[in-house]
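Read-outs: derived from the displayed coordinates by stated rules, not from any lab. Here the structure is a predicted model, which means the values were calculated and not measured. Backbone-built Cβ (ideal geometry, glycine too); neighbour counts: all protein chains shown.
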Amino acid sequence: MADSDYKNYDISSIVGHKKQLEFLNAIFAGNRMPSGLLFFGQKNIGKKFTAVVFAASVLCSDYKAFSGKNDDRLLNFCGKCPSCVSLLNGASQNFMTVEPSGSAIKIESIHKINSFLSLTSAYPGYRFIIIDEASSMNASAANALLKMLEEPVGKTIFILVTSNPGILLPTVVSRCLLLGFSPVPDEFLLNVFKTEFPDIKTETLELYAKLSRGSYSGFMGLIEGGYLEKRNFLIRTIFKELFMEYQNKNIYKNFYEISAKFNLFEKEAATARRKEKNLNSNENSASKAEENYDKGYVFELILFILRDIYIYKVSKNEKLLYNEDIADEIKEFALDSALSSKDIGHMIELTVEYLEKINSYNLNKSIAADSYFSNLLSL
Ligand SMILES: [Zn+2]
């Protein structure tokens, strides 16, 4: 399956997971490759990435087997041999990835694997099928996959990736060798960030490390999405006005103004990011995916802040906050406003509802914001 972002894959981007890499290395070097592997662990911590790198390393013609002596020789691929080039271009005869279409992996995807395997049966060597979000397989897909696991064809290796192994068919799980992934410890992430982003202050990096909860890609998302800038705007403008409205019981009056400020900020932030990426500043040139990402991101930020306000309101414990650096503001919102914890709970529910709407429909952004703030103020 063509997936051009593999072009950017780089072994050095695997942060942590040394034990997992050593394990994979050992089963390959020891000629003990199973027909099914199940990578499980929290979302966005590098499971699929590790699966792709493992496959690429095994398929690379320049791979030198792990000797067991040199401690730092982990999986690696050259990126230049014919096998690497075809894999990185999404045209490999030995490598295929499957992911949900919509919310589920359906039987059609498993049929595609079948035809891929029969078309390429003449190719020698290992063949890798990576099934991302494997827990989203529906029953017929899971049963069809089970058949393939039970009667493996040649040297075919399935790697199932999931953050939710509990809902996989037990018979599928029992056919796989399990490999768990843990979130990367903050300290470890922090050291990598310091090297990669020498221009960013240590305190800021520390905050990002905490917010990304052990996820390297989560961290990159925060940096690329301008997390701090957006959060601070939300806190100082939107939340301040919003909570003042409750305080003054001026409810209903001002939602349009708040929404207009919110939309303006969103627009400016999007333009700034496009400029940074050297893209055309014409708004219409934004890809659909990028636009949707933008849409959900700010609502996720709002959720993050509301979550902290709620937690502080019910626990009075500063240590539980994600946004530790703005604890004073969080406390003020939690304690000084006329809102009860139940009200804040409702605000969280409403935000989740909007986040889901935005992610599943092509909602006009400014209309969504108008309706969101009007609902928020009429709680
Ligand atoms: Zn290679």
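When peptides 155-167, 23-35, 258-270 are sorted by average Cβ neighbour count within 10 Å, with the highest value leading, the order is 155-167, 258-270, 23-35.
Residue order for H346, H111, H17, fewest other beta carbons within 10 angstrom first, comes to H111, H346, H17. If you sort the three axes of the alpha carbon gyration tensor as a ≥ b ≥ c, you get a/c of 1.5 or more for segment 4-180 and a/b above b/c, which makes it prolate. Placing a label point 7 Å from the Cα of A122 along the Cα-to-Cβ direction, the residues of segment 89-103 with a backbone N closer than 14 Å are 93. Less than 15 Å Cβ to Cβ from P152, Lys/Arg counted +1 and Asp/Glu -1: what total charge do the surrounding residues give? Net of charged neighbours comes to +3.
By the scheme Lys and Arg +1, Asp and Glu -1, what is the net charge of all other residues having a beta-carbon under 10 Å from that of N94? Net charge around N94: +2.
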